[in-house]
Amino acid sequence: MLDLVICGAKIYDGTNSPSFYANIGVSGGKIVQITRLPLSGHQVLDAHGLALCPGFIDTHGHMDSMLAQEPLQRAKLEQGITTSIGGLCGGSEAPAVNPDGSLYTFEKYLNELSHTSMGANLALMAGNGNLRICAMGYSSSAPAPGQMECMKSLLRDAMQAGALGISFGLIYPPASYASIDEMAELCKVVAEYDGFAAFHLRNEGDRFYEAVEEAFEVARRSGCRLILSHHKATREPNWGKTLVTLGMLDRAAEQGLEVYADAHPYTAVSAGLKAYIPQALHSSGIEHLIEMSSGGSSKKALTEAIEQSLQSNTGHYKQTDPPRAYILASRTHPEYNGRRIVDIAKEQGLSFAEVVVNTLHDDGMTTTGMHVDIMHSADVNRVLRHPRVMLCTDGSSILPGIAVHPRVRGTFPRFLGRMCIRGGLMPAETAISKMTYLPARVYGFRGKGLVRENCDADLVLFDPMTLCDNATVSDSTALNSGLKYVIVNGQIVVEDNQANGRMHGKLLRRRCPVQPSCAE
Ligand SMILES: [Zn+2]
Ligand SMILES: [Zn+2]
């Protein structure tokens, strides 16, 4: 007798092939039968009128940083994500320096995770910021030969333990202090293991083309496979630039580089509020910034530096941006969450920069911000349509009382239901392949991303007529609609858009055990 039978669903198998109708039998966490014949099982789901596809793969997220607090990964499961990749944008949980000065290695980290209950399957990158901090603290200098060797050896350990590759966070100090030479050296190590380098580019605006070229140059020098993370053109003067950058991606692929990108379907971005502080000031470390922001002349200098960088248009943010900036998540000022910074400033009779500095200080520099309408929907859609682009949330988790970018909650239903099935951006088959088989193939997740016999039973059952996101800036945790069931490793974990609390996710290591005879 089968564990679970799903009857009568319209099946999208993940490969961009035409959909078909069949019954599915699941046993031992695997899809064991796909047939037109009737099946019987311990549990039977009547799926007439519903669509079935492989569980979604979120190629870029940050849930790893919150896994200890929220192992269920509710925000992932409740949008149909059954596998996600973390450790991106230059930041991972390991390697890291323990409070006693000893090293927390990637191997130890993965070994711990392999015994941890979690809602969705998880695979991880090692952040270049972590390597730098372990080898040379927050210094903005180029690494000395010994420090470079230290970073390479930590990276080699991470790759051997099962990291997918390295992530670069080229706007986040100290990850952003990495030069092209340093990145190429590190990527040579990753290439030895056939891994990936994922780039949060140095610039997604005025110097967007140069930033893309920099990533390609690292790939050329190192032979490493490359992912352009959350690909987007930000700020009005740069709208339309994705036309050129996607052309660059095509040319790089024609030249033999293995290059892909991922993107989320929103025109808003989210980032740490500390990105307002000019890069050079970060080199003395977080503690120093907290101290600087505590008062007196150093606080005044910090505030002025932010104002100056906004005015001079040289910083990460520009003077045109403040009206579009919100505080999403402040630990110490939850009353700010979901509100515009300019409104808070007006209310308190302070400047924009003063509110930024005060909030960052109180939060220990951890405040999350968000900029709305910083992208154009034509760029967003163009990127999503590109055949080498996969779907990602760039999101972490939902914790009580904390507002998040709506993408954390709604990315996959928004893209598939709202934008593709009903919006006509692309056929459902194509959209689903970008969310399932394409990333499974790119990252080598054998047995994932496919509705085939012997593949893992990570499945999503949805109503194509009603599937959509409902999260907004002011109500960022609203449940999605139209997700009937989500199944992870053969177990039902979501019913009617809500997680039931069961955790069946597994840690995936690079070259995780091959699933024998899982047809591709
Ligand atoms: Zn990023
Ligand atoms: Zn990210």
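FYI, it's all coordinate maths here, none of it is from the lab. From a predicted model like this one, the values you see are computed outputs, not experimental measurements. Here Cβ is always computed from backbone atoms with ideal geometry, including for glycine, and neighbour counts include all displayed protein chains.
Computed values, structure above
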quantity: Around R324: net Lys/Arg minus Asp/Glu count, Cβ-Cβ under 9 Å; calculated: -1
quantity: The stretch 359-420 versus the stretch 129-204: alpha-carbon centroid distance in Å; calculated: 25
quantity: Chain lengthening between A478 and R156 when straightened (0.36 nm per residue, less Cα-Cα); calculated: 111.8 nm
quantity: Cut-off under 5 Å, modelled amide H: who pairs with L103 long-range; calculated: N98
quantity: Bins of 10 Å from zero: percent of alpha-carbon pairs in the stretch 272-371; calculated: 17, 55, 28, 1
quantity: Local net charge near Y177, Cβ-Cβ under 13 Å (Lys/Arg +1, Asp/Glu -1); calculated: 0
quantity: Listed pairs K76/K434; K232/K318; K30/K434; K76/K188; K108/K434; K232/K274 exceeding 27 Å between Cα atoms; calculated: K76/K188; K108/K434
quantity: T359, T35 arranged by Cβ crowding within 10 Å, fewest neighbours leading; calculated: T35, T359
quantity: Beta bridges per DSSP with both ends in the chain, % antiparallel, nearest 5; calculated: 55
quantity: For D58, residues with placed amide H under 5 Å, excluding near neighbours; calculated: T82, T83, S84, I85
quantity: Reachable aspartates and glutamates, given that their alpha-carbon falls under 20 Å from the alpha-carbon of K300 and they are not under 8 places away in the same chain; calculated: E287, E291, E354, D362, D363
quantity: Value of [θ]222 nm, deg cm²/dmol, for the chain, DSSP H segments ≥ 4, -39500 (n - 2.57) each, nearest 500; calculated: -8500 deg cm²/dmol
quantity: Hz values of 3J(HN,Hα) by residue in the stretch 72-80 - Karplus curve (6.51, -1.76, 1.60), Gly and Pro given as x; calculated: 5, 6, 3, 5, 6, 4, 6, 10, x
quantity: Value in Å of the Kirkwood radius, where the chain supplies the Cα pairs that are averaged; calculated: 23.4
quantity: Given charges at beta-carbon only (K, R positive; D, E negative), |dipole| of the chain in Debye; calculated: 880
quantity: Built amide H within the under 5 Å cut-off of V404, gap 5+; calculated: S476
quantity: The stretch 171-270, Rg to Rh (Cα coordinates; Rh as Kirkwood inverse mean 1/r); calculated: 0.96
quantity: Burial order of peptide ranges 411-423, 148-160 (average beta-carbon count within 10 Å, highest first); calculated: 411-423, 148-160
quantity: Summed residue charge, Cβ within 10 Å of G25's Cβ, Lys/Arg positive, Asp/Glu negative; calculated: -1
quantity: Taking N as its residue count, the alpha carbon Rg of the stretch 370-420 over 2.2 N^0.38 Å; calculated: 1.26
quantity: Residue order, fewest to most surrounding Cβ atoms within 10 angstrom, among T472, T367; calculated: T472, T367
